[in-house]
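Quick one: structure below, then a few questions.
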Amino acid sequence: MSGGRDAASGQLAICPGSFDPLTNGHVDIIRRAARLFDRVVIAVLNHSEKSPLFSVEQRLAMAREVFQDQPEVEVDAFEGLLVEYARRRRAEVVVRGLRAVSDFEYEMRMAHMNRQLEPSLETVFMMPSTAHSYLSSRLIKEIHRLGGDVSPFVPPAVQKHLLRGH
Ligand code: ADP
């Protein structure tokens, strides 16, 4: 991979995901990544085959609102291979969250595959606080659909979109 650490802009880490929607668990990991790396990009995956609750535009808007006070955190959309996106952005690091052992196998396979595709791209795993370890976008959507209060689990900007019927 060309470029490497760009002295002018610092080391860029990518936090990729669906973020459908962004939860306090995601925010936890992104904040931790922003403390370790100079710049972080929240890369919102535009899946062609998944049918998300929120459009990419809505997911981008929510993430931008949540991180509006952190200029080192950028929000962007991407499609296709993560390694291609990382090459284009000259990022050296991908940050993924590990909640429990159940995440491990899938994440390890992904990390190995990405390494195969681009050996210079490093995957870094970070753990959220215990309080956020059980959160998932899927669970949040389920609770919301059944009329439960999700305000303890998502940032206010996301709660607003959910209540609005997105
Ligand atoms: P994906 O569809 O790629 O799994 P997600 O939006 O579900 O995307 O997750 C994006 C990233 O955030 C992944 O690295 C995932 O492990 C991490 N993540 C999701 N929920 C949590 C959480 N509660 N705590 C820590 N990391 C999380």
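The values are calculated or read from the model by the stated rules, or taken from the named source; none is laboratory data. What you are looking at is a predicted structure, and each value in this text was computed from that prediction instead of being measured. Here Cβ is always computed from backbone atoms with ideal geometry, including for glycine, and neighbour counts include all displayed protein chains. Surface areas here come from the heavy atoms of the whole protein model, side chains and all, with no ligands, DNA or RNA. Shrake-Rupley method; radii C 1.70, N 1.55, O 1.52, S 1.80 Å.
Normalising by the residue count of the chain, find the relative contact order in percent from Cα pairs under 8 Å and 6+ residues apart.
30 percent
Taking the solvent-accessible surface of protein heavy atoms with a 1.4 Å probe, what is the per residue accessible area of the chain in Å²?
For the chain, the per-residue accessible area is 55 Å².
Next question. Work out, step by step, the length gained on full extension between S133 and S51: first 0.36 nm times the residue separation, then minus their alpha carbon distance; give nm to one decimal.
Gain on stretching S133 to S51: 27.0 nm.
Does the stretch 67-128 come out rounded, prolate or oblate by the C-alpha gyration tensor, with a ≥ b ≥ c the root eigenvalues, rounded set by a/c under 1.5 and, if not, prolate when a/b is larger than b/c and oblate if not?
Judged from the Cα gyration tensor, the stretch 67-128 comes out oblate (a/c at least 1.5, b/c at or above a/b).
Taking the Cβ-Cβ separation of M113 and Q11 as r and a Förster radius of 25 Å, what is the calculated FRET efficiency to the nearest 0.05?
0.65
If exposed trypsin sites (Lys or Arg not before Pro) are those in a DSSP loop with at most 12 other Cβ within 10 Å, what is the longest stretch of the chain that has none?
Longest stretch, sites excluded: 51-163.
What percentage of the solvent-accessible surface of the stretch 42-166, computed with a 1.4 Å probe over protein heavy atoms, is contributed by carbon and sulfur atoms?
55 percent
Whole-Å semi-axes of the chain's equivalent ellipsoid, largest first, each the root of 5 times a Cα gyration tensor eigenvalue?
Square roots of five times the eigenvalues give 26, 17, 15 Å.
Another question, then. Compute the distance from the alpha-carbon center of the stretch 93-154 to that of the stretch 46-71, in whole Å.
About 16 Å separates the Cα centre of the stretch 93-154 from the one of the stretch 46-71.
Over the stretch 96-166, what relative contact order in percent results from Cα pairs under 8 Å that are six or more residues apart?
Once normalised by length, the contact order is 28 percent.
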